[in-house]
Amino acid sequence: LLEKLHLFDGNYLKRAAILLFHPDPEKYITGAYLKIGYFKTDSELLFQDELHGSLFLQIKQGMDLLTTKYLKSAIKYEGLQRIDELPIPESALREAVLNAVIHKFYGGYTPVQISVYDDKLMIWNAGFLPTDWTIETLLHKHGSHPFNPDIANVFFRAGEIEAWGRGIEHMVSACKECGCKEPEWKYDGSGLWTIFKYKTIQKTIQNLTAAQKSILNYLKLYPKATQRDLVENIENIGLGGIKYNLARLQQIGYLKRIGGKKNGYWEVRYND
């Protein structure tokens, strides 16, 4: 397989082979990993994850984390069907993550960095545009000019990307179709930023009781609160009522439990 993918240079493996298939490419290539962080402000990091392993694994785990932990889905209903809608199209996000990993300059010793905020998501990868190219070149029809052609070829053979340089066009089209703002790109000479501004999605409002609103408002302030804490701080409701309302709020999408009983917390997806 490695020979058919042209990942040998004489009797030696190319760096691309290590990045694509080795379980620990950082053993040989510093900075060959992906980092995701959730920021309240540019200087206030709330939590983060680092993803290691082969490039294929980094992309798979990165997308899983972004769509389940970092991005908050809005809930809407079409008839009886519940639909979870991300603030940016998943296909556009995946294309952007693929681009960042495939076109990264792996001699720069820095990971691909994904910064998630309440209103936007930013992806940065070290790298350089081809000579005489600008951001305007990227935004118009252009040929395929991968920074790492061996890596790009393997992802193409695996059916993950095309080989026509249409990734940015796909991102723009996906965002237009869902009513999102078009992504923005910035190039600072050492790396490329891809910036998504979130779509404002209106939830289908459920009729919440006063107790349910009180529970949500309390958990906004104290996301690690226990059921006993809620009983003691929410008026006119016992433990059974707390358990029922927590289950109901999770069912309709306004509340999500992150982590286990001891170290987990409540994520509120409702604004009064």
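The values are calculated or read from the model by the stated rules, or taken from the named source; none is laboratory data. Note that the structure is a prediction, hence the values are computed from the model and not measured. Positions of Cβ are backbone-derived with ideal geometry, glycine not excepted, and every protein chain shown enters the neighbour counts. Just the protein is used for accessible areas: all its heavy atoms, side chains included, with ligands, DNA and RNA removed. Shrake-Rupley method; radii C 1.70, N 1.55, O 1.52, S 1.80 Å.
Data for the structure
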{"read-out": "The chain - percent of accessible surface contributed by carbon and sulfur, probe 1.4 Å", "value": "50 percent"}
{"read-out": "Acute angle (nearest 10 degrees) that the helix 167-177 long axis makes with the longest principal axis of the chain, alpha-carbon atoms", "value": "30 degrees"}
{"read-out": "Rounded FRET efficiency, nearest 0.05, which uses the C-beta distance separating residue 177 from residue 9 and R0 of 45 Å", "value": "0.60"}
{"read-out": "Net lengthening on full extension, residue 57/residue 228 (0.36 nm per residue, minus Cα-Cα)", "value": "57.5 nm"}
{"read-out": "FRET efficiency estimate (nearest 0.05) - Cβ-Cβ, residue 120 to residue 243, R0 35 angstrom", "value": "0.45"}
{"read-out": "Listed peptides 132-145, 96-109, 170-183, 232-245 by packing density, highest first (mean Cβ within 10 Å)", "value": "96-109, 170-183, 232-245, 132-145"}
{"read-out": "Cα-centre dipole for the chain with unit charges at Cβ (Lys and Arg positive, Asp and Glu negative), debye to 20", "value": "920 debye"}
{"read-out": "Local electrostatic count, residue 51, Cβ distance below 13 Å [Lys/Arg +1, Asp/Glu -1]", "value": "-2"}
{"read-out": "Cα shape, region 145-272, gyration tensor, a/c 1.5 rule", "value": "prolate"}
{"read-out": "Options (i) 15.9; (ii) 17.6; (iii) 14.3 - which one matches mean projected area of the Cα convex hull in nm² as calculated here", "value": "(ii)"}
{"read-out": "Most fluctuating residue given options 21, 47, 147, as computed from a GNM of the chain linking Cα atoms under 10 Å", "value": "47"}
{"read-out": "For region 120-176: accessible area per residue (Å², 1.4 Å)", "value": "55 Å²"}
{"read-out": "Dipole of region 1-61 [Lys/Arg +1, Asp/Glu -1 at C-beta], most positive-end residue of 38, 58, 22", "value": "22"}
{"read-out": "Sum of side-chain charges, residue 181 neighbourhood, beta-carbon under 14 Å (Lys, Arg +1; Asp, Glu -1)", "value": "0"}
{"read-out": "Partner aspartates and glutamates for residue 72 [C-alpha distance under 18 Å; skip if fewer than 8 residues away on the same chain]", "value": "49, 64, 84, 85, 90, 118, 119, 267, 272"}
{"read-out": "Stretchable slack from residue 267 to residue 235, in nm (0.36 nm times residue separation minus alpha-carbon distance)", "value": "9.4 nm"}
{"read-out": "Gain upon complete extension [residue 45, residue 145; 0.36 nm per residue less C-alpha separation]", "value": "32.5 nm"}
{"read-out": "FRET efficiency for residue 213 and residue 188, using Cβ-Cβ distance with R0 set to 45 Å, rounded to 0.05", "value": "0.50"}
